[in-house]
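Nothing in this text is a laboratory measurement; each read-out follows from the coordinates by a stated rule. Given the structure is predicted, the values throughout are model-derived calculations rather than measurements. Here the Cβ is made from the backbone with ideal geometry for all residues, glycine too, and neighbour counts use every protein chain on show.
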Amino acid sequence: MGLVTPHCMIELDNVTFKWHKNDAKPTLNIPTLRIDKGEHIFLHGPSGVGKSTLLALLAGINTPSSGNIRILNRDLNTLSNTQRDVFRAENIGYIFQNFNLLPYLTPIENVTLGCEFSKSRKQKALQQTTEPKPSLQKEAIRLLTALGLSESYHSKDVASLSIGQQQRVAAARAFIGSPELIIADEPTSALDTANRESFIKLLFEQAKRANSTLVFVSHDETLKPLFNRAISLVSLQEPL
């Protein structure tokens, strides 16, 4: 792989992925992909094309069958499972399609949980708040409010919230501690068009404030004009 510039957030080189070694064809076959720091990327493609699989590779949840993946100039292939877990906790905020919130916790508790696995994320979260006595709870409140969840819901069980409200909690959890990379997997699929666009604009505001790169995955191509750059996963892949 060639030299990576300091401005590069993500670089893939000849990456393939198979769920099983004996599969005739790989699920993913990507010759090259480069995403620079600070970009807001719209990654699209039909269901089943491998969008969530690619996100799991970018997050180091899965590893490629062949090829190289570099995030923030770190070659994920050289990291152990534990090292990838630490790298993800410190540098990546993930908004899951089904949110993955803990239903017995409040929104504030769900959001601050994101800092329990990384001291650096916790320190950055404390630096973000302008309160005289900074705390993770105050930063969680700031994020939840900025993302459109009013304070009257902050201490309720998250299971009692609507889908749209849970979505905002999941986004706040991803953004706390200003991770360098935010990955969003179909986070607006349950919303109507107007609310999707409104939510995406809130994501952009927080990404800009945190200086985070945003990789947003959806099958809804009507959202494409909102982003810096759109990438078709179908076009990105080598014909099989």
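Total residues in the stretch 121-145 satisfying the condition of being in a helix (DSSP H, G or I) and over 24 Å from the mean Cα position of the chain (by Cα): the figure is 0. Please tell me if Ile163 is among the β-branched types (Val, Ile, Thr), touching a residue at least 24 places away in the same chain (Cβ under 8 Å) and surrounded by 13 or more Cβ atoms within 10 Å (Cβ to Cβ). Taking the combined requirement at face value, the residue does not satisfy it. The single residue among Phe199, Phe204 that is over 21 Å from Ala125 (Cβ atoms), assigned to a helix (DSSP H, G or I) and aromatic (Phe, Trp, Tyr) turns out to be Phe199.
For the stretch 208-238, residues that are farther than 18 Å from Tyr94 by Cβ, part of a strand (DSSP E or B) and not hydroxyl-bearing (Ser, Thr, Tyr) total 3. Select, from Ser66, Ser52, the only residue that is surrounded by fewer than 17 Cβ atoms within 10 Å (Cβ to Cβ) and in contact (Cβ under 8 Å) with a residue 60 or more places away in the chain. Answer to the check: Ser52. Has the stretch 146-160 got any residue that is under 17 Å from Gly93 (Cβ atoms) and in a helix (DSSP H, G or I)? Yes. Listed by position, the strands (runs of 3 or more DSSP E) contained in the stretch 1-91 that have at least 2 residues being farther than 30 Å from Arg121 by Cα and touching a strand residue (DSSP E or B) at 6+ places or on another chain (Cβ under 6 Å) are 8-17, 28-36. Within the stretch 179-201, the set of residues being under 24 Å from Ala89 (Cβ atoms) and either in contact with a Cys (Cβ under 6 Å, 6 or more places away or on another chain) or surrounded by fewer than 20 Cβ atoms within 10 Å (Cβ to Cβ) (or both) comprises Glu180, Glu186.
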